[in-house]
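**Student:** The structure's right below; bear with me while I get my questions together.
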Amino acid sequence: SLALLAAALSIRKRMAYQGAGRLSAWLTAHIYLGIVAAFTIFCHTGLRAGGPLSTWLLVFFSLTVVSGLMGWWFSRKLPPLLTAIEENPAILEDLLTIRAECLQGMLELSSGGSPEFRALVEKRLMKETASWGRMWRFYRRRSTIAQELPAFQKEQEGALTGLRRQDHRAFQRAAEYALRVNKINAELLLQRAMRGWLTFHIVSTGTMFGLAAVQIG
């Protein structure tokens, strides 16, 4: 009953957008009822299952609880972090479009340069676009492109010694594209995490109630 009530509140809290109470109140009620339901069920079962169906029911109930707690943590930590690093707020689909445009810009610059320039773009800058360490730097410093670009371009100065002088400016532009792609990847990761936990929570909750219905039936 408590689990059903918590799930019902999850639906009801969406009505807060229509004036049916404060959203924070609905969310708080959902969290606390979920915790009470989890404590009650775990105490009732003693973390022991009586058969395969009960085992799966306990597994999906545990996944529902874990994903709910994960969502609570995500909702507190990820939005402020995303706001801190994004320069122009954009939805996931727009970020994918911008990323594709930046990658295309890198390829166009590369195609118009010397073989040495192309090699540096393909072997060095392309790796930077997917660098987890550099993404973590955006998170840790809560920085923007404008703040990170000078230091990043300075890191790449060693590569300029092997290029023709006319390729220097193009390489710096390509480096800016690479850093922007990396930052977009950092933003995409946060947005996908915020979307993904909710999908996982809904699926695990639905599966749990489906198994419960089969067991009761």
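Just so it is clear, none of the values below were taken in a lab; they were calculated from the coordinates. Every value quoted in this text rests on a predicted model; they were computed, and no experiment measured them. All Cβ positions, even for glycine, are placed from backbone atoms using ideal geometry, and neighbour counts span all protein chains on display.
**Student:** What's the local net charge at Ala90, with K and R +1, D and E -1, over the other residues with C-beta under 15 Å away? Present the calculation step by step, with values, prior to reporting the outcome.
**Tutor:** Values: positive: Arg99, Arg180, Lys183, Arg192, Arg195; negative: Glu86, Glu87, Glu93, Asp94, Glu101, Glu187.
That works out to -1.
**Student:** A follow-up question, please. Please find the FRET efficiency linking Thr199 to Ala100, where r is the Cβ-Cβ separation and R0 is fixed at 30 Å, and quote it to the nearest 0.05.
**Tutor:** Computed FRET efficiency for Thr199 and Ala100: 0.80.
**Student:** Report the full-extension gain for the segment Arg165 to Gln147: residue separation times 0.36 nm, less the Cα-Cα distance, to one decimal in nm.
**Tutor:** Values: separation 18, 0.36 × 18 = 6.48 nm, distance 2.62 nm.
Separation in residues times 0.36 nm, less the Cα-Cα distance, equals 3.9 nm.
**Student:** Let me make sure I get this right: for the range 67-132, a, b and c are the square roots of the gyration tensor eigenvalues over alpha carbons, sorted descending. Under 1.5 in a/c it's rounded, otherwise prolate if a/b > b/c, else oblate. Which is it?
**Tutor:** The shape class here is prolate.
**Student:** Give the calculated FRET efficiency between Leu69 and Arg192 to the nearest 0.05, with a Förster radius of 25 Å applied to their Cβ-Cβ distance.
**Tutor:** E(calc), rounded to 0.05, equals 0.85.
**Student:** Per residue of the range 56-67, what does 6.51 cos²θ - 1.76 cosθ + 1.60 with θ = phi - 60° give for ³J(HN,Hα)? Whole Hz please, x for Gly and Pro, Karplus curve as stated.
**Tutor:** Result, ordered by residue: 5, 4, 5, 4, 6, 5, 4, 5, 5, 5, 4, 5 Hz.
**Student:** Hey, what do the phi angles of the range 140-154 turn into as Karplus ³J(HN,Hα) couplings, whole Hz, using 6.51/-1.76/1.60 and θ = phi - 60°, x for Gly and Pro?
**Tutor:** Each residue of the range 140-154 in turn: 5, 8, 6, 9, 10, 4, 4, 7, 8, 4, x, 5, 5, 5, 5 Hz.
**Student:** Now for a separate question. Step by step: find N for the range 83-217, compute 2.2 N^0.38 Å, then divide the Cα radius of gyration by it. What's the final number?
**Tutor:** 1.43
**Student:** Still on this model: Quick one: go through the range 167-209 and flag any residue whose amide nitrogen is under 16 Å from the point 7 Å out along the Cα-to-Cβ line of Leu81.
**Tutor:** Residues 183-198 qualify, since their backbone N sits under 16 Å from the label point.
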